[in-house]
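Everything below concerns the one structure shown next.
Laboratory data are not the source of any read-out in this text; all were calculated from the coordinates shown. Since the model is a prediction, treat every value here as computed from it, not as a measurement. Neighbour counts are summed over all protein chains in view; Cβ atoms, including those assigned to glycine, are modelled from backbone coordinates with ideal geometry.
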Amino acid sequence: MMNYGCEGLNVVISGGTSGIGLAAAEKFLADGANVYILGRSVLRGAMAVQKLQAMTGEKVFYIPCDVTSAEDCRRVMQSIGESIHVLVNAAGVYLERRLENLTEEDFSYIIDTNLKGTMLLTQAALPLMYEGGSIINIASDAGISGNYGCPLYCASKGAVVALTKALALDYAPRIRVNCVCPADVDTPLLRKQLEDSNGGYTMADMADAYPLQRIGRAEEIAHVICSVASPHNSFMTGSVIPVDGGLTAK
Ligand SMILES: NC(=O)c1ccc[n+]([C@@H]2O[C@H](COP(=O)([O-])OP(=O)(O)OC[C@H]3O[C@@H](n4cnc5c(N)ncnc54)[C@H](OP(=O)(O)O)[C@@H]3O)[C@@H](O)[C@H]2O)c1
């Protein structure tokens, strides 16, 4: 078992009820952190709590939250009410749609969750952030290089990369702010992407694009998130870290 040095730290994870956020919650719990997971669906929240407690034997807290709502974000922080050592902004949505078919509703859906949600939750958390704390935003390879057929998603994740660097400057030396950029990872988000493509492409097609010849696993991204958050990792801020099987090295 890895030791990230997060024992006793308070960790808040948006999107902690599924996929990458859920895998990060599991690792932080196993490391002895107090973990708060956020998401909109109360059912998904309850299932995640059950799964995490069964896997780790540790108590985990679910708080319903829509990160697109400033009021929700403030309410979450009020209900936590104590120092936050680590904030992981993992809540995110994906849309595969070329520019000519995009609507203003699509714009709000993607930008409000991926960018505005990251801003609002971070803003609400700041007054509670522990001096020496750490914020980890989850962007994407799509925020580093272009991807086919998903310009809005790319734009939202590119903005998260830029936001990360700007916040790293504004809040140094008090808080470290970094950005983890996964490529394709087998999560419910990716399964839905494949379903929506109506057989247009498969997981094997995706794997072909990677120097490592496969897509990622949620626990591999979670490991990097915990490593970046770790108090041992105290000299890293403003960094953009691809975890992508070599995809953006091409
Ligand atoms: N999987 C990939 O291939 C991949 C690749 C690169 C980057 N990423 C990024 O990694 C992050 C996690 O993705 P994932 O694959 O783990 O997705 P996932 O399994 O679909 O999980 C997404 C999580 O975000 C929550 N969420 C969505 N909208 C929300 C909102 N408005 N307010 C609060 N919570 C919200 C979901 O819960 P509710 O729906 O219940 O709210 C869920 O907990 C995302 O930012 C995604 O863009 C994923």
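Looking at LEU126, is it at negative phi, near the ligand (Cβ under 10 Å from one of its atoms) and part of a helix (DSSP H, G or I)? Don't jump to the end; show me each part of the working.
Working: at negative phi: yes; near the ligand (Cβ under 10 Å from one of its atoms): no; part of a helix (DSSP H, G or I): yes.
It is false that LEU126 is at negative phi, near the ligand (Cβ under 10 Å from one of its atoms) and part of a helix (DSSP H, G or I).
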Regarding ASP196, is this residue within 14 Å of the ligand (Cβ to nearest atom), among the charged types (D, E, K, R) and either crowded, with 23+ Cβ neighbours inside 10 Å or within 15 Å of the chain's Cα centre (by Cα) (or both)?
no
Segment 199-238 - residue that is in contact with a Leu (Cβ under 8 Å, 6 or more places away or on another chain) and among the aromatic types (Phe, Trp, Tyr) and, of those, surrounded by the most Cβ atoms within 10 Å (Cβ to Cβ):
TYR210
With the checklist (1) near the ligand (Cβ under 8 Å from one of its atoms); (2) under 23 Å from CYS6 (Cβ atoms); (3) not acidic (Asp, Glu); (4) not in a strand (DSSP E or B) in hand, flag the one item CYS181 doesn't pass.
(4)
For segment 27-44, give me the residue count where each residue is part of a helix (DSSP H, G or I) and either buried (at least 22 other Cβ atoms within 10 Å of the Cβ) or free of Cβ contacts under 8 Å to residues at least 24 places away in the same chain (or both).
5
Note: among THR56, THR68, just one is free of Cβ contacts under 8 Å to residues at least 60 places away in the same chain, within 11 Å of the ligand (Cβ to nearest atom) and not small (Gly, Ala, Ser), namely THR68
Does segment 195-232 hold any residues that are on the phi < 0 side of the Ramachandran plot and without any contact (Cβ under 8 Å) to a residue 12 or more places away in the chain, and which are they?
GLU195, GLY200, TYR201, THR202, ALA204, ASP205, ALA207, ASP208
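Taking segment 53-69, which residues are closer than 21 Å to ALA91 by Cβ and β-branched (Val, Ile, Thr)?
Hits for segment 53-69 are VAL60, ILE63, VAL67, THR68.
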Could you list, in sequence order, all residues of segment 195-209 that are over 15 Å from ASN147 (Cβ atoms) and touching a helix residue (DSSP H, G or I) at 6+ places or on another chain (Cβ under 8 Å)?
THR202, MET203
I'm checking my understanding of the structure. Among residues of segment 129-154 that are over 24 Å from CYS65 (Cβ atoms) and surrounded by fewer than 20 Cβ atoms within 10 Å (Cβ to Cβ), which one is farthest from the ligand (Cβ to nearest atom)?
GLU131
